[in-house]
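The values are calculated or read from the model by the stated rules, or taken from the named source; none is laboratory data. All of these numbers come straight from a predicted model, not from anything done at the bench. FYI the Cβ positions are ideal-geometry reconstructions off the backbone, even for glycines, and counts take in every protein chain you see. Accessible surface is based on the protein model in full, side chains and every heavy atom, while ligands, DNA and RNA are left aside. Shrake-Rupley method; radii C 1.70, N 1.55, O 1.52, S 1.80 Å.
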Amino acid sequence: MEGVIALYIVMLAAFTGYEVIARVPVILHTPLMSGSNFVHGIVLVGAMVALGRADTLLEQVIGFTGVVLGAGNAVGGYVVTERMLEMFRASGDRKKKKESA
Amino acid sequence: MGGWLPDNVATLLIDGSYLLVAFLFIMGLKAMSSPVTARRGIVVAGAGMLIGTLMSFLYPGMGNFPLMLVAIAIGGGLAWWSGKRVAMTDMPQMIALYNGMGGGAAAAIAAGELLRMTAEQPGVATGHGPVVTALAAAGAFIGSVSFSGSLIAFGKLQNLIKRSFRFKGQQVMNLVIVAATLAIGASLVVAGHPAMQTVVLFFALALLLGVTMTLPIGGADMPVVISLYNAFTGLAVAFEGFVLENAAMIIAGIVVGSAGTLLTQLMAKAMNRSLGNVLFSGFGEGEVAATGAVAGALKPIEPADAGIMMAFAQKVLVVPGYGMAVAQAQHKVWELCQLLIDKGVMVRFAIHPVAGRMPGHMNVLLAEAGVPYDLIADLDEINAEFETADVALVIGANDVVNPVARTDKSSPIYGMPILNADKARNVLVIKRGQGAGFSGIENHLFYLDNTRMVYGDAQKVASALIHAIKAAG
């Protein structure tokens, strides 16, 4: 990738991350930390490439470890974040739920 | 799988899908910034992850697919199983664990790249220039620290590691390790064709640093540390994204890195401490326990009397802390509050930003118990209301309500914003025993004239209070 273009990407992504978080209420800090933890689980695709291009046994072992860890990050991050967010409900939602039940 | 498409078509599909991945991640995180849309947010981000993973099978020139599928099944399967089972109270350590795995994966990618360089013959052009090598090494360093550090954090929160290891010269030792790791890292970049031993030593030192950095940090500071390592892993992923020329990794990693840094700062600020102070000072380890004697006495009260006090109150503010999490008392506490609400008492939950072991830890527990989020207020929103409250019910919280933070300049928590529970007409404190909290600081709130102590496990006390209020009619 062109070096300068990569720097543009970094700058824009950094501002995006900052802006997205800056408006988050305290009550969502834990799910958000967990959610951003899930997002860097994209490291899985890099680990897949590393394993896919591995030739020697050592490279395969390292790549395999990377994919196991990356998949754990992605799947685990998703499951716990989803479980936490599922629990957030407003008083109104609860009443509606009771009525419909 | 790979190879049945012409390379240029596969590359185009992958690049296009990564653009979509980045878009979905950012939309997902944005949706997570409001409780109304948060649930949708994680699903959107999850769709992005699925697309990115599936399309990555198309990379030209890849092999080892059976191994890859087995690895995904093992890692994903174990994480799915553990993530579904973990109790809400144990969330902080699970997040630390998954985060550490991400850091480890980034370090593994870097290890593969650096080892390939050792195999190259001197004089033959390397695949990477010095800039890319430096980025790979930086990612390896940060990722390894995040990996071993997160594992230690997990061990401490899970109570596998019971004490904090401290000794004189610890900071000096850490600095020496940092300097040595950076020096070896620099030599890797300069050498171009490093020796295998050098690469191994580099990783060993970086992993060691994560351990020695995290071991001395007390439980109360763990939220800040987990959040910091989350940002670290993001950065490591972004650096390896450069090495692999993978735009999705760069964008996701940098977004998480910058967001995580901001989140870490917000948390450190809420404790009125700098990040350096959290990492490098001995807070919460007993050295500060000698904070002068307190005037007054602890005045116990029976749950029955405490229950009646609340039943006839107009406004009750509940301040939950780590003690509620430990006792798994959130369901009973909400049952108690519902009883009060039915009696016409106005009940709100007051949450300190660093209550518990993670920012928003209490919110998650209360949400699990079914407390609607509009009954939950944070420090700025609710602090003025304590003056008009009849009862402040403090459940297993300590430092976050200690008035010493306002008055005693010699106290280590001086200047930390606290919940003004002491301003309420009556203060009820549910506490397991008489000892000081994890910080070892005596809590002056407990000795005030308007404070009564209810001793016992938070869950049992909440049950007793429910019983008392029901009995009072």
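Which pairs turn up if I take residues in the stretch B:194-220 that are closer than 16 Å to B:Ala140 by Cα and look for partners that are open to solvent by less than 50 Å² (accessible area, probe 1.4 Å) and assigned to a loop (DSSP other than H, G, I, E, B) with beta carbon separation below 9 Å, at least 6 apart in sequence or on another chain? Filtered contacts from the stretch B:194-220: B:Phe202/B:Pro194.
With respect to the stated conditions, B:Val224 is in a helix (DSSP H, G or I) and closer than 30 Å to A:Gly35 by Cβ. Among all positions in the stretch B:35-49, there is at least one residue which is of a type in the set (D, E, K, R), touching a helix residue (DSSP H, G or I) at 6+ places or on another chain (Cβ under 7 Å) and buried (at least 19 other Cβ atoms within 10 Å of the Cβ).
Please enumerate the residues belonging to the stretch A:9-28 that are assigned to a helix (DSSP H, G or I), more than 7 Å from every other protein chain (Cβ to nearest Cβ) and at pLDDT below 90. The answer is A:Glu19, and nothing else.
Only one of the listed residues (B:Ser187, B:Ser150) is without any contact (Cβ under 8 Å) to a residue 40 or more places away in the chain and open to solvent by less than 60 Å² (accessible area, probe 1.4 Å). That residue is B:Ser187. Yes or no: B:Ala134 open to solvent by 10 Å² or more (accessible area, probe 1.4 Å) and modelled with pLDDT of 90 or more? So B:Ala134 fits the description; yes. Looking only at the stretch B:29-48, residues that are among the charged types (D, E, K, R) and within 16 Å of A:Ile27 (Cα to Cα) come to 2 in all. Does any residue in the stretch A:72-86 that is touching a residue at least 24 places away in the same chain (Cβ under 8 Å) and within 13 Å of B:Val43 (Cβ to Cβ) come within less than 6 Å, Cβ to Cβ, of a residue that is in a helix (DSSP H, G or I) and open to solvent by 10 Å² or more (accessible area, probe 1.4 Å) six or more places away or on a different chain, and which pairs are these? Hits for this filter: A:Tyr78/B:Gly46; A:Leu85/B:Arg39.
Meeting the requirement of 2 or more residues that are within 7 Å of chain B (Cβ to nearest Cβ), closer than 20 Å to B:Gly260 by Cα and at pLDDT 90 or above, the helices (runs of 4 or more DSSP H) wholly within the stretch A:29-101 are A:29-39, A:43-52, A:57-86.
For every residue, the table says whether it meets (1) modelled with pLDDT of 85 or more; (2) open to solvent by 30 Å² or more (accessible area, probe 1.4 Å).
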| position | (1), (2) |
| --- | --- |
| B:Arg166 | no, yes |
| B:Pro194 | no, no |
| B:Thr214 | yes, no |
| B:Ala231 | yes, no |
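Answer yes or no: is there a residue in the stretch B:326-334 that is modelled with pLDDT under 90 and surrounded by 21 or more Cβ atoms within 10 Å (Cβ to Cβ). Checked against the condition, which is being modelled with pLDDT under 90 and surrounded by 21 or more Cβ atoms within 10 Å (Cβ to Cβ), the stretch B:326-334 yields at least one hit. Mind listing whichever residues of the stretch B:303-336 are within 22 Å of B:Glu387 (Cα to Cα), assigned to a helix (DSSP H, G or I) and in contact with a strand residue (DSSP E or B) (Cβ under 7 Å, 6 or more places away or on another chain)? Selection gives B:Ala306, B:Met309, B:Met310.
Close contacts from the stretch B:14-25, counting a first residue that is in contact (Cβ under 8 Å) with a residue 40 or more places away in the chain and under 15 Å from B:Leu244 (Cβ atoms) and a second that is open to solvent by less than 40 Å² (accessible area, probe 1.4 Å) and not in a helix (DSSP H, G or I), with Cβ to Cβ under 7 Å and a gap of 6+ residues or different chains, come to B:Ile14/B:Leu58; B:Ile14/B:Tyr59. For the stretch A:18-39, state whether one or more residues are within 13 Å of the chain's Cα centre (by Cα) and farther than 17 Å from A:Met84 by Cβ. Within the stretch A:18-39, none of the residues are within 13 Å of the chain's Cα centre (by Cα) and farther than 17 Å from A:Met84 by Cβ.
Note on the stretch B:168-184: residues that are farther than 24 Å from B:Leu114 by Cβ and either in a loop (DSSP other than H, G, I, E, B) or open to solvent by less than 20 Å² (accessible area, probe 1.4 Å) (or both) amount to 3.
Let's see how each residue does on (1) touching a residue at least 60 places away in the same chain (Cβ under 8 Å); (2) buried (at least 24 other Cβ atoms within 10 Å of the Cβ):
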site	(1), (2)
B:Gly360	no, yes
B:Ala369	no, no
B:Pro372	no, no
B:Leu375	no, no
B:Glu381	no, no
B:Glu387	no, no
B:Asp408	yes, no
B:Gly415	yes, no
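Of all the listed residues (B:Asn398, B:Asn402, B:Asn443), the sole one being buried (at least 18 other Cβ atoms within 10 Å of the Cβ), within 23 Å of B:Pro303 (Cα to Cα) and in contact with an Asp or Glu (Cβ under 8 Å, 6 or more places away or on another chain) is B:Asn443. Where strands (runs of 3 or more DSSP E) fall wholly inside the stretch B:361-473, the ranges with 2 or more residues that are farther than 17 Å from B:Lys315 by Cβ are B:426-431, B:451-455.
Entry remark, the stretch B:2-32: residues being outside any helix (DSSP H, G or I) and touching a Leu at 6+ places or on another chain (Cβ under 7 Å) number 3 in total.
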